[in-house]
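Trainee: The structure that follows is given in the form of structure tokens.
The values are calculated or read from the model by the stated rules, or taken from the named source; none is laboratory data. Computed from a prediction, not measured in an experiment: that's the story for all the values here. Every residue, glycine as well, gets a Cβ built from its backbone with ideal geometry; the counts of neighbours run over all protein chains shown. Ligands, DNA and RNA are excluded from the accessible area calculation, which covers all protein heavy atoms including side chains. Shrake-Rupley method; radii C 1.70, N 1.55, O 1.52, S 1.80 Å.
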Amino acid sequence: MPVRALVDKCSADLHYQRVGVDFFRRMNWFGAHRARVYLSLLATVNVVVVIFLVATSRHGVDRNGFLLGTDFLSFWTAGHMLEAGANPYDVAAHIAAQQRYFTAPHSYTAFFYPPTFLPLCAPLGWLPYFPALVAWLMATGAGYLAVARLWLQALAVNWPLWLLALAFPPVVVTLSHGQTAFLVAALLGLGTLWVGPRPVLAGVCFGLATIKPQFGLLVPLVLLITREWRVIVAAGATAALLGLAATAALGPHVWSDWLVVSREAQGVLEQGAVGFAKMASPFAAARLLGWSIPLAYGVQIVVAAGVASALAWAGWRRPYTLALGAAMLAGAPLVTPFVLDYDLVLLAFPLIWLAGQTFRPWEKLIAGLAFIIALFARSAGEHLGAPLVPLVLIPLFAILVARARGLGVDQVRV
């Protein structure tokens, strides 16, 4: 081949390689119009899935033999037990109470929540199962959407809330499970947004979020390094009052009962009784790959330590910013071994923050993957043994923590 032709061929090859890389690196082809089309398609699929799930159920039981709302049965049963003066942490009694309403082979939805969550369960026992499920999802879902709207307004992201919510796969997963994810995400999202303008109320939100404490592990770290003392005091006082209320209502023994159940929860986690494919943590990813329990814990500790160190680096000797808060929320699913795909509704807030910025190389791709990962992560885990969620969450967190380190005090409209 002549030298000139060889040079031209190499130049052409390099050009196509650059074009191929830029296809994903910058994703200029993925503009607002195309994004709206894809969101509309996702929303349509999600709505059809929910309608199909309900329409094909018989007497509230879906085609796979699961009660609609699945996990909600645990909270509702706890509410009925409280009404009857029974102990929700008595596992045998909890199983018996569940089976009086719904019995299926090898089916039991455990109750691992701390005593501070029980006051929310008590009103659920006043209603039949399905009215209670609808009321729970409407109330917690409305709170979640209200907080998402505040984030959209604060960051001047002009996208329809209804479209984003219907298209976001973790929303459908939360609805189908009747889970607490809307409530916990709303409390953490509102607290993160209000640290600057409303520190006391932010602390109250963080204190209330201790009903699912594993998702608030990074909150004290961020508040301490940014010296947000009013938020810390308000959060501590709120959590203490919740604990005192639970103790006064149920007696001091409720805490020791919960600790016993918590040890059982560790066994459930380690042996994969929930299903590692449904989980989103580094620990679950390692177990899904067949690694030993000690090695999986080692992976979890390394990732958690890295996330905490990166946040400390980003906020060291700097005031609190919403960018740092967004990174904190993105890191929350990475620092706890017990996190499931429905808990990824929390990612809405860091994704909204990122959407309010000018995208840098690779950020649009990572944000898009984080948005849709819950759509296929469980199937990929079950059928391919591929733990995808941490592979997306880690670069998302890295992007956000780098952004937080590079920003000064941000002005947030609330």
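Trainee: Kindly indicate whether Phe72 is within 19 Å of Trp126 (Cα to Cα) and in contact (Cβ under 8 Å) with a residue 60 or more places away in the chain. Full working, then the answer.
Mentor: On the way: within 19 Å of Trp126 (Cα to Cα): yes; in contact (Cβ under 8 Å) with a residue 60 or more places away in the chain: yes.
Yes, satisfied.
Trainee: Additional query: Considering only segment 75-86, state which residues are open to solvent by less than 50 Å² (accessible area, probe 1.4 Å) and touching a residue at least 12 places away in the same chain (Cβ under 8 Å).
Mentor: Keep residues of segment 75-86 that are open to solvent by less than 50 Å² (accessible area, probe 1.4 Å), which gives 75-79, 81-82, 86.
Listed by number, the residues that qualify are Phe75, Trp76, Thr77, Ala78, Gly79, Met81, Leu82.
Trainee: Give just the number: which of (1) without any contact (Cβ under 8 Å) to a residue 24 or more places away in the chain; (2) more than 27 Å from Leu175 (Cβ to Cβ) does Leu384 not satisfy?
Mentor: All conditions pass for Leu384, except number (2).
Trainee: Where the second residue is open to solvent by 50 Å² or more (accessible area, probe 1.4 Å) and of a type in the set (D, E, K, R) and the first is within 9 Å of Val231 (Cβ to Cβ) and lies in segment 201-219, which pairs have Cβ atoms under 9 Å and are six or more apart or on separate chains?
Mentor: Ala202/Arg230; Gly203/Arg230
Trainee: Then there's this: Give me a count of the residues in segment 99-152 that are touching a Gly at 6+ places or on another chain (Cβ under 7 Å) and surrounded by fewer than 14 Cβ atoms within 10 Å (Cβ to Cβ).
Mentor: 1
Trainee: So which of Val219, Val260, Val274 ends up being more than 26 Å from Gly381 (Cα to Cα), in contact with a helix residue (DSSP H, G or I) (Cβ under 7 Å, 6 or more places away or on another chain) and either β-branched (Val, Ile, Thr) or open to solvent by less than 20 Å² (accessible area, probe 1.4 Å) (or both)?
Mentor: Values: Val260 fails: in contact with a helix residue (DSSP H, G or I) (Cβ under 7 Å, 6 or more places away or on another chain); Val274 fails: more than 26 Å from Gly381 (Cα to Cα).
Val219 is the lone residue from the list that is more than 26 Å from Gly381 (Cα to Cα), in contact with a helix residue (DSSP H, G or I) (Cβ under 7 Å, 6 or more places away or on another chain) and either β-branched (Val, Ile, Thr) or open to solvent by less than 20 Å² (accessible area, probe 1.4 Å) (or both).
Trainee: When you go through Phe371, Phe397, Phe338 one by one, which is the residue that is of a type outside the set (Ser, Thr, Tyr), modelled with pLDDT of 90 or more, surrounded by 19 or more Cβ atoms within 10 Å (Cβ to Cβ) and in a loop (DSSP other than H, G, I, E, B)? Lay out the reasoning, then the answer.
Mentor: Working: Phe371 fails: in a loop (DSSP other than H, G, I, E, B); Phe397 fails: in a loop (DSSP other than H, G, I, E, B).
After applying the criteria, what remains is Phe338.
Trainee: Considering only segment 244-269, state which residues are in contact (Cβ under 8 Å) with a residue 24 or more places away in the chain and either within 25 Å of Val173 (Cα to Cα) or under 24 Å from the mean Cα position of the chain (by Cα) (or both). Can you show your working first?
Mentor: Applying the first criterion (in contact (Cβ under 8 Å) with a residue 24 or more places away in the chain) to segment 244-269 yields 245-247, 249-250, 254-255, 257-258, 260-262, 264-265, 268-269.
Those that are in contact (Cβ under 8 Å) with a residue 24 or more places away in the chain and either within 25 Å of Val173 (Cα to Cα) or under 24 Å from the mean Cα position of the chain (by Cα) (or both): Trp258, Val261, Ser262, Glu264, Ala265, Val268, Leu269.
Trainee: Looking at segment 309-321, is at least one residue polar (S, T, N, Q), touching a residue at least 24 places away in the same chain (Cβ under 8 Å) and more than 17 Å from Gln214 (Cα to Cα)?
Mentor: Start the filter on segment 309-321 by keeping residues that are polar (S, T, N, Q), which leaves 309, 321.
Next cut, touching a residue at least 24 places away in the same chain (Cβ under 8 Å) only: 321.
Restricting the remaining residues to those that are more than 17 Å from Gln214 (Cα to Cα) gives 321.
The answer is yes, given that some residue of segment 309-321 is polar (S, T, N, Q), touching a residue at least 24 places away in the same chain (Cβ under 8 Å) and more than 17 Å from Gln214 (Cα to Cα).
Trainee: Sticking with this one: Mind listing whichever residues of segment 51-64 are part of a helix (DSSP H, G or I) and surrounded by 15 or more Cβ atoms within 10 Å (Cβ to Cβ)? Talk me through it step by step, then tell me what you get.
Mentor: Initially, segment 51-64 is screened for residues part of a helix (DSSP H, G or I), giving 51-55.
Passing the criteria: only Leu53.
Trainee: Let me confirm something: among Val172, Val200, which residue is among the β-branched types (Val, Ile, Thr), in a helix (DSSP H, G or I) and more than 20 Å from Leu344 (Cβ to Cβ)?
Mentor: On the way: Val172 fails: more than 20 Å from Leu344 (Cβ to Cβ).
Every option except Val200 fails the conditions.
Trainee: Has segment 102-114 got any residue that is in a helix (DSSP H, G or I) and either modelled with pLDDT under 95 or under 28 Å from Leu190 (Cβ atoms) (or both)?
Mentor: Taking segment 102-114 and keeping what is in a helix (DSSP H, G or I), we get none.
Checked against the condition, which is being in a helix (DSSP H, G or I) and either modelled with pLDDT under 95 or under 28 Å from Leu190 (Cβ atoms) (or both), segment 102-114 yields no hits at all.
Trainee: Additional query: Regarding Phe349, is this residue buried (at least 18 other Cβ atoms within 10 Å of the Cβ), part of a helix (DSSP H, G or I) and aromatic (Phe, Trp, Tyr)?
Mentor: Details: buried (at least 18 other Cβ atoms within 10 Å of the Cβ): yes; part of a helix (DSSP H, G or I): yes; aromatic (Phe, Trp, Tyr): yes.
So Phe349 passes the test.
Trainee: When the residues of segment 65-78 are narrowed to those that are outside any helix (DSSP H, G or I) and under 16 Å from Val274 (Cβ atoms), which ends up farthest from the chain's Cα centre (by Cα)?
Mentor: Within segment 65-78, the first condition is being outside any helix (DSSP H, G or I), and the residues that meet it are 65-71.
The next check asks that each one be under 16 Å from Val274 (Cβ atoms); those that pass are 66, 70-71.
Numbers: Phe66: 23, Thr70: 18, Asp71: 16 Å.
Among residues in segment 65-78 that are outside any helix (DSSP H, G or I) and under 16 Å from Val274 (Cβ atoms), the one farthest from the chain's Cα centre (by Cα) is Phe66.
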